[in-house]
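The values are calculated or read from the model by the stated rules, or taken from the named source; none is laboratory data. This structure is a prediction, so every number in the text was calculated from the model and none was measured. Neighbour counts run over all protein chains shown; Cβ positions are idealised from the backbone, glycine included. Heavy atoms of the whole protein, side chains included, go into the accessibility calculation; ligands, DNA and RNA do not. Shrake-Rupley method; radii C 1.70, N 1.55, O 1.52, S 1.80 Å.
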Amino acid sequence: MFPNSANVKLSLLSIVNKSDALGIRCPTVAFKHEVIGSLSSITRSEYQTSIMQNISVDLKVIIQSFLYKNEKYCLLSDDIYTVTRTYVNGMFIELYLSKSELKKEELTWLQV
């Protein structure tokens, strides 16, 4: 089913900024969606393309296209990554991820 065997479980996150009781804005996870995919490192040409576009790309994850709902963050191995670029390849979508400055401990979880 996958181009390579599925080897990673990740959570796609929709994060919004909410204000707490004191008016301090804190990142809040509004939606969490767990999927499986195929994790791989980026190729030399993908790395060169990201450098030309001034984008830092650390990983590439391939999942089925219908599972992706334009989430901008994902949780992978207790690290939060930002989806910097996507590429639709038939029934699969390639998510190019860069490590985010957000920490899992800093997030507030709504309805997950």
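All but one of (1) under 17 Å from T108 (Cα atoms); (2) open to solvent by less than 90 Å² (accessible area, probe 1.4 Å); (3) among the acidic types (D, E) hold for D78; state the number of the condition that does not hold.
Checking D78 against (1) under 17 Å from T108 (Cα atoms); (2) open to solvent by less than 90 Å² (accessible area, probe 1.4 Å); (3) among the acidic types (D, E), the one that fails is (2).
Within region 24-66, can you find the residues that are open to solvent by 60 Å² or more (accessible area, probe 1.4 Å), under 20 Å from S14 (Cα atoms) and not charged (D, E, K, R)?
I24, F31, I36, F66
Name the residue, out of K18, K69, that is open to solvent by 70 Å² or more (accessible area, probe 1.4 Å) and modelled with pLDDT of 90 or more.
K69
Quickly run through region 81-112 and pick out the residues that are modelled with pLDDT under 90 and not in a strand (DSSP E or B).
Scanning region 81-112 gives G90, S100, E101, L102, K103, K104, E105, E106, L107, L110, Q111, V112.
In this structure, does A6 turn out to be among the small types (G, A, S) and open to solvent by less than 30 Å² (accessible area, probe 1.4 Å)?
Judged against the criteria, A6 is not a match.
For the list (1) modelled with pLDDT under 90; (2) out of contact with any Lys or Arg (no Cβ under 6 Å at 6 or more places or on another chain); (3) of a type in the set (A, V, I, L, M, F, W, C), I need the number of the one condition that I62 fails.
The one condition I62 does not meet is (1).
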